[in-house]
Amino acid sequence: MQNKLDLSDLNLSVIGTGLMGGSILKALKDQDDKPKSICAFDIDDKILAKIKRKELANITTSNAYESIKDADLIVISLYPKLAANFIKDNIKSFKPGCIITDICGVKREVYKEISDSLRDDIHFVGGHPMAGREHMGFDYSTPDLFLGCKYIITGGDKKAVDMVCVLADTLGAGKIVYSDPENHDELIAYTSQLPHVLSVAYMLCATDRNVEDFSAGSFRDITRVAMINDEMWSELFLENKDKLTCEIENLIDGLSNLKSLIDNDKRDELRDRMKTAAKMREEITG
């Protein structure tokens, strides 16, 4: 981890206060080195009222201009298309020298959408904290959501990247990972998106079956992420479909291979595949 630097001279604005944005606000509330001012932007006045009541932000507003005009660091906590549109629609209102970062789960599309709009006097740093929950919305946000998470950074000038790393440290991230949009989207297709596809497909196989009385830990493990935010994940799937469909094909090939071994009573080969998978899992996760 990088050494913590002082955020106390910064004005921070969090754009979007759902699960992720709300968790950012809650994580910063009791930090000694939190920004000198925190602004929360959302179009839902009821959520803003909750934020104000919980004293999570100095300023709450549904006015985009008011939320960014004095901000030194802006965290866009919106879905990819909305994030890109917010930046483009408000590009003239950002403070000169400010740093903008997102937390979107895909990167190429965001960069593509905003590249022609970014001003020379503002800095964009792609970010993706690998954290989340099965539920969505501010009411499910938690101050410890980012504790120990991997926080992926996908580009930006050094000074701006360093500041986003400071924010990640302050939120409790366990490791900063540096990547680029192409590599990020390729690996995320496998490590994050494919498990959600698999979980959804597996859960749908339970249709018209009495599985409740026959399910235990393994069923819960594989179906946990089937509790999916369909609006967000459908967007992520489609914006990364070239990478994701390749991973789906690889999975289909793997399942077909295992099916063939089972069909042909190839127990030794089946056990070898199991042992290999178990060893790989151990090496990756410990």
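The values are calculated or read from the model by the stated rules, or taken from the named source; none is laboratory data. Given the structure is predicted, the values throughout are model-derived calculations rather than measurements. Backbone-built Cβ (ideal geometry, glycine too); neighbour counts: all protein chains shown.
Without any contact (Cβ under 8 Å) to a residue 60 or more places away in the chain and at negative phi: is that true of Val161 in this structure? It is true that Val161 is without any contact (Cβ under 8 Å) to a residue 60 or more places away in the chain and at negative phi.
Only one entry of Ile68, Ile103, Ile99 meets the criterion of being within 20 Å of the chain's Cα centre (by Cα), farther than 18 Å from Ile188 by Cβ, of a type outside the set (Asp, Glu) and buried (at least 18 other Cβ atoms within 10 Å of the Cβ), and that entry is Ile99.
Residue count for the range 263-276 under the criterion of being assigned to a helix (DSSP H, G or I) and surrounded by 12 or more Cβ atoms within 10 Å (Cβ to Cβ): the result is 4.
Taking (1) under 20 Å from Ser192 (Cβ atoms); (2) part of a strand (DSSP E or B) in turn, Phe124 satisfies each apart from (1). Screening Ile222, Ile228, Ile176 for residues that are touching a helix residue (DSSP H, G or I) at 6+ places or on another chain (Cβ under 8 Å), over 29 Å from Thr154 (Cβ atoms) and among the aliphatic types (A, V, I, L, M) leaves exactly one candidate, Ile222. Of the residues examined, Lys81 is one that is under 19 Å from the mean Cα position of the chain (by Cα), of a type outside the set (A, V, I, L, M) and in a helix (DSSP H, G or I). A count restricted to the range 149-161 and to residues that are surrounded by 15 or more Cβ atoms within 10 Å (Cβ to Cβ) and in a helix (DSSP H, G or I) stands at 2. Residue-level check: of (1) surrounded by 10 or more Cβ atoms within 10 Å (Cβ to Cβ); (2) assigned to a helix (DSSP H, G or I); (3) at pLDDT below 95, Ile228 misses just (2). Taking Val177, is it in contact with a strand residue (DSSP E or B) (Cβ under 6 Å, 6 or more places away or on another chain) and either part of a helix (DSSP H, G or I) or surrounded by fewer than 18 Cβ atoms within 10 Å (Cβ to Cβ) (or both)? So Val177 fits the description; yes. Among the residues of the range 94-120, those that are in a helix (DSSP H, G or I) and not β-branched (Val, Ile, Thr) comprise Arg108, Glu109, Tyr111, Lys112, Glu113. Candidates in the range 71-96 are the residues that are of a type in the set (D, E, K, R) and out of contact with any strand residue (DSSP E or B) (no Cβ under 6 Å at 6 or more places or on another chain); of these, the one that is surrounded by the fewest Cβ atoms within 10 Å (Cβ to Cβ) is Lys92.
Only residues that are surrounded by fewer than 18 Cβ atoms within 10 Å (Cβ to Cβ) and assigned to a loop (DSSP other than H, G, I, E, B): list them for the range 133-144, please. Hits for the range 133-144 are Arg133, Glu134, His135, Gly137, Thr142, Asp144. Please find, within the range 211-225, the residue that is farthest from Val200 (Cα to Cα) out of those that are part of a helix (DSSP H, G or I) and of a type in the set (Ser, Thr, Tyr). It comes out as Ser218.
If only residues of the range 111-126 that are in contact with a helix residue (DSSP H, G or I) (Cβ under 6 Å, 6 or more places away or on another chain) and not charged (D, E, K, R) are counted, the one that is nearest to Ile68 (Cα to Cα) is His123. What are the residues in the range 200-210 that are surrounded by 10 or more Cβ atoms within 10 Å (Cβ to Cβ) and not in a loop (DSSP other than H, G, I, E, B), if any? Those that are surrounded by 10 or more Cβ atoms within 10 Å (Cβ to Cβ) and not in a loop (DSSP other than H, G, I, E, B): Val200, Ala201, Tyr202, Met203.
Screening Leu251, Leu236 for residues that are in contact with a Leu (Cβ under 7 Å, 6 or more places away or on another chain), surrounded by 13 or more Cβ atoms within 10 Å (Cβ to Cβ) and not assigned by TED's automatic domain parsing to the domain that holds Asp32 leaves exactly one candidate, Leu251.
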